[in-house]
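Have a look at the structure below before the remarks.
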Amino acid sequence: MTALKLILKIVVAPVILRLTLAIWICVGLVYVSGLVLVLLSTVIALLGVAVLVTYSPQNGLILLVIAFLISPFGLPKLAFWLLGKVQDLRYFLQDTIYG
């Protein structure tokens, strides 16, 4: 039984390493894109308020929804949630295999 466990540890080690590297890279990408998207969402929100007041309420609301989706409370929050689930999977594999 110990030889089988050793083989399983050797097979799973690269998977855990790749998951760790992928999580680090994705966290960095989401962080940098979040900084850019904050500026973009601010501009779109201001434009949405201006369109809402002056031109068309429907188009203004659409712009405000788009600004919310790209703000830190929208898609970047969803990306961090998904990265958390991938990290939970990595820890589950690591705890199960390596005890």
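The values are calculated or read from the model by the stated rules, or taken from the named source; none is laboratory data. As the structure is a prediction and not an experimental result, all values here were calculated from the model. Reconstructed Cβ throughout: ideal geometry from the backbone, glycine too, with neighbour counts over all protein chains shown. Just so you know, the surface numbers come from the protein's heavy atoms only, side chains and all, with ligands and any DNA or RNA stripped out. Shrake-Rupley method; radii C 1.70, N 1.55, O 1.52, S 1.80 Å.
Given the criteria assigned to a helix (DSSP H, G or I), of a type outside the set (Asp, Glu) and surrounded by 13 or more Cβ atoms within 10 Å (Cβ to Cβ), does LEU19 qualify?
Numbers: assigned to a helix (DSSP H, G or I): yes; of a type outside the set (Asp, Glu): yes; surrounded by 13 or more Cβ atoms within 10 Å (Cβ to Cβ): yes.
For LEU19, the condition - assigned to a helix (DSSP H, G or I), of a type outside the set (Asp, Glu) and surrounded by 13 or more Cβ atoms within 10 Å (Cβ to Cβ) - is met.
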message: Please go through (1) farther than 14 Å from GLN94 by Cα; (2) modelled with pLDDT of 90 or more for PRO14 and return the number of the only condition it doesn't satisfy.
response: (1)
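Quick check, is LEU93 touching a residue at least 12 places away in the same chain (Cβ under 8 Å), open to solvent by less than 50 Å² (accessible area, probe 1.4 Å), part of a helix (DSSP H, G or I) and closer than 27 Å to ILE10 by Cα?
Values: touching a residue at least 12 places away in the same chain (Cβ under 8 Å): yes; open to solvent by less than 50 Å² (accessible area, probe 1.4 Å): yes; part of a helix (DSSP H, G or I): yes; closer than 27 Å to ILE10 by Cα: yes.
So LEU93 fits the description; yes.
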message: For segment 60-93, give me each residue that is among the polar types (S, T, N, Q) and modelled with pLDDT under 90.
response: SER71
- request: Sort out which residues of segment 2-16 are more than 30 Å from PRO72 (Cβ to Cβ) and either surrounded by 11 or more Cβ atoms within 10 Å (Cβ to Cβ) or of a type in the set (A, V, I, L, M, F, W, C) (or both), and write them in order of number.
  value: ALA3, LEU4, LYS5, LEU6, ILE7, LEU8, LYS9, ILE10, VAL11, VAL12, ALA13, VAL15
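For residues in segment 21-45 being aliphatic (A, V, I, L, M) and farther than 17 Å from GLY74 by Cβ, which is farthest from the chain's Cα centre (by Cα)?
Taking segment 21-45 and keeping what is aliphatic (A, V, I, L, M), we get 21-23, 25, 27, 29-30, 32, 35-40, 43-45.
With farther than 17 Å from GLY74 by Cβ added as a condition, the list becomes 21-23, 25, 27.
Working: LEU21: 15, ALA22: 12, ILE23: 10, ILE25: 11, VAL27: 7 Å.
My answer is LEU21.
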- prompt: Does any residue of segment 60-72 turn out to be surrounded by 15 or more Cβ atoms within 10 Å (Cβ to Cβ), touching a Ser or Thr at 6+ places or on another chain (Cβ under 7 Å), part of a helix (DSSP H, G or I) and of a type outside the set (Gly, Ala, Ser)?
  reply: yes
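A quick yes/no check of all residues on (1) aliphatic (A, V, I, L, M); (2) under 17 Å from VAL30 (Cα atoms); (3) out of contact with any Gly (no Cβ under 8 Å at 6 or more places or on another chain):
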{"residue": "VAL65", "(1), (2), (3)": "yes, no, yes"}
{"residue": "PHE68", "(1), (2), (3)": "no, yes, no"}
{"residue": "SER71", "(1), (2), (3)": "no, yes, yes"}
{"residue": "GLY74", "(1), (2), (3)": "no, yes, yes"}
{"residue": "GLN87", "(1), (2), (3)": "no, yes, yes"}
query: Which condition does SER56 not pass, out of (1) farther than 30 Å from ILE7 by Cβ; (2) open to solvent by 50 Å² or more (accessible area, probe 1.4 Å); (3) polar (S, T, N, Q), if it passes all the others?
result: (2)
